[in-house]
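> Got a structure here, written out as structure tokens. Questions coming.
Values in this text are rule-based calculations from the coordinates and carry no lab data. Please read all numbers here as calculations on a predicted model, not as lab measurements. Here the Cβ positions follow ideal geometry from the backbone for every residue, glycine too, while neighbour counts run over all protein chains shown.
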Amino acid sequence: MVIFEKSSRGRMTGSQQAVVESGRMEIPGRFLRESAPLLPEVSELEAVRHFTRLSQRNFSVDTHFYPLGSCTMKYNPRVCHTLALLPGFSGRHPRAPASHGQGVMGLLFGLQEMLKEITGMAGVSLTPMAGAQGEWAGIAMIRSYHRERGDVARDEILVPNAAHGTNPATAAMCGFSVREIPTDGAGDVDLAALSGAVGPRTAGLMLTNPSTLGVFERRVAEIARIVHAAGGLLYYDGANLNAIAGRVRPGDMGFDAVHVNVHKTFATPHGGGGPGAGPVGVGERLLPYLPIPMVAREEEAGGERFRWLTEEERPRTIGRLSGFVGNVGVLLRAYGYLRMVGATGLLRVADYATLNANYLMARLQGAGFRVAFPERRATHEFIVSVKPEAEAYGVTALHFAKRLLDHGFYAPTIYFPQLVPECLLIEPTETESREDLDRFVAAMVAIREEAKSEPERVKSAPHRTPVGRLDEARAARQPDLVWKGPITSGQGGPVVFGQGPEVSGQGKVNGQPS
Ligand SMILES: *Cc1c(COP(=O)(O)O)cnc(C)c1O
């Protein structure tokens, strides 16, 4: 039921009522809309129940195990959220002068410094608002570097085929042509192919490490040497940092630029397309090109002072990537998380993320499932291929994923990476208990048993969710967001909004989101 169906004319919440009774809000008449908006009119309790019920129809980290590979859907401590919502932060005006923002600027400076330490880089800018935008910033800096040296023949970016899909997209968005490098049978970059591909056209290489195959590139130092020797620079996709944070640093591996998905690794969930942040770090060579603004600290008599670094002081910057500083709320959560876990806690995060993945992989393998790289240690995620089950019973990765929903598990990522047929990319994260991991194994085994005895039941899953099979492509391409049913609201409307002629309800509601 959409909320418009619950609407009843003149019904409203107590707080709306107070505004109505006090007369108009203090908005000049010329800014008020002329007709009442067509809004549902419900009581506060009805609104609360409606949205609470809707939220319960979905899966979330708060309610279910969510092993969505590549997304690091771990539990994010509430205290980080509480910190970011402190009124002094959430109520801050983005145009407030630096003299009024010393507190928040001090925290952002602290986050820059912590990320420098974690990535092993010489400088960090926090402004990219997603992992993909961090990648874009990194490759744009590499482009500036070559151009300023007059090295304009370098028009190719090398991307191993085990990279995340955003890597080739980023290179193309920056105007480079993409040259794919194959992966060898053990999941590492094919070094012979890499050596054959580098040359005077090589601007750089983008490496996702750990790769989307869930393994750590064993010859990463050799890769860096080959690319640098050919005059190219190295970009590190650090979105999978959860596996390695505190253990190894991209800077020490010889990389020139890296982005970090703080909305995976540091206290903001990734799924659902909410706000994120993809801070980018660079080595000495790329320092002048970092996107702005950044925060600088100065020692002053009696303490320290923070100020924004802008175009004037950073003339070679690639520029601005957002209207203001980026998604500060997400950055504050990351700051709180890092201060809370500390350096030793961060090691434990990476260790347990890796331990949980390897435990789950070993248990599934022990239960007879085919894992993609059995001879390799998993990082924070790993791949199961249900190709044998698909061949024997006609039950595919999609069917397993849908049936897992009935067992109370959000599904792993499926059919990604494309290098492995019928794959499930499983990332348990460090915040799951051993009991939950065991329950997941039991569910996978039960589904395989059912595939033998009653394959149709698996193929037609899910059976216990509020809705069954959805047409995802249609939902994305032709979303139906227009409420066309009868509407009882909008006629009187809360008087604060309505000034001009009244709207006659029915038939005029097109465009109202439901
Ligand atoms: C999630 C992810 C990205 C992209 O990050 P967004 O914030 O979604 O743009 C890039 N690379 C890898 C390996 C990822 O897992």
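> Ordered by packing density, taken as the mean number of other Cβ atoms within 10 Å over each peptide's residues, highest first, how do 254-266, 418-430, 298-310, 444-456 rank? Write down the numbers at each step before the final one.
On the way: 254-266: 28.2, 418-430: 22.1, 298-310: 11.5, 444-456: 16.1.
Top to bottom by mean Cβ count within 10 Å: 254-266, 418-430, 444-456, 298-310.
> Please give the calculated 222 nm ellipticity per residue for the chain, where each DSSP H segment of at least 4 residues contributes -39500 (n - 2.57) and the sum is spread over every residue; nearest 500 deg cm²/dmol? Display every interim value, and only then the final one.
Details: 16 runs with 184 residues, N = 514.
Calculated at 222 nm, the ellipticity per residue is -11000 deg cm²/dmol.
> In segment 79-340, what percentage of the DSSP-assigned beta bridges are antiparallel, given to the nearest 5?
Rounded to the nearest five, the antiparallel share is 45 percent.
> While we're here: Based on alpha-carbon centroids, what's the gap between segment 167-212 and segment 377-407 in Å, whole number please?
So the separation of the two Cα centres works out to 29 Å.
> Next question, about the same structure. Under 17 Å Cα to Cα from Lys6, which lysines show up? Leave out anything in the same chain fewer than 8 places away.
Qualifying lysines at Cα under 17 Å: Lys484.
> Still on this structure, I have one more. Would you work out the relative contact order for segment 51-180, in percent, from Cα pairs under 8 angstrom that are 6 or more residues apart?
Worked out over segment 51-180, it gives 14 percent.
> Also: Helix by helix, which DSSP H runs in the chain go 27 Å or more along their axis at the Cα atoms and have an average Kyte-Doolittle hydropathy of -1.0 or more?
Helices meeting the span and hydropathy rule in the chain are 328-366, 434-453.
> Report for the chain the percent antiparallel among DSSP-assigned beta bridges with both residues inside it, nearest 5.
Numbers: 24 of 42 bridges.
Of those bridges, close to 55 percent are antiparallel.
> Can I ask one more? Once you order the gyration tensor axes a ≥ b ≥ c over the Cα atoms, which shape class does segment 344-459 get: rounded for a/c under 1.5, otherwise prolate or oblate by comparing a/b with b/c?
Because a/c hits 1.5 or more and a/b exceeds b/c, segment 344-459 counts as prolate.
> I need the peptides 202-213, 82-93 ranked by packing, meaning the mean over residues of other C-beta atoms within 10 angstrom, with the highest value on top.
Ranked by mean Cβ neighbours within 10 Å, highest first: 202-213, 82-93.
> Assign one of three labels to segment 79-340, namely rounded, prolate or oblate, based on the Cα gyration tensor with a ≥ b ≥ c the square roots of its eigenvalues; rounded applies when a/c is under 1.5, prolate when it is not and a/b is larger than b/c, and oblate otherwise.
Judged from the Cα gyration tensor, segment 79-340 comes out prolate (a/c at least 1.5, a/b above b/c).
> Further, regarding this structure: Can you bin the chain into rounded, prolate or oblate? Criterion: square roots of the alpha carbon gyration tensor eigenvalues sorted a ≥ b ≥ c, rounded for a/c under 1.5, prolate for a/b above b/c, oblate for the rest.
Taking the square roots of the gyration eigenvalues as a ≥ b ≥ c, the chain is oblate.
> Report the normalised scattering of segment 43-197 as log10 I(q)/I(0) at q = 0.16, 0.19 Å⁻¹, calculated by the Debye formula with identical scatterers on the alpha carbons.
Log10 of I(q)/I(0), two decimals: -1.19, -1.30.
> For segment 93-157 and segment 12-66, write down the distance between their C-alpha centroids in whole Å.
38
> Further question: Apply the Debye scattering formula to segment 232-380, with a single equal point scatterer on each alpha-carbon and no solvent, then give log10 I(q)/I(0) at q = 0.08, 0.11, 0.16, 0.18 Å⁻¹.
Treating every Cα as an identical point scatterer, log10 I(q)/I(0) equals -0.32, -0.57, -1.07, -1.25.
> If the cut-off is 23 Å between C-alpha atoms, which lysines fall inside it for Lys452, apart from same-chain ones fewer than 8 positions away?
Counting by Cα, and skipping residues close in sequence, Lys452 has these lysines nearby: Lys387, Lys402.
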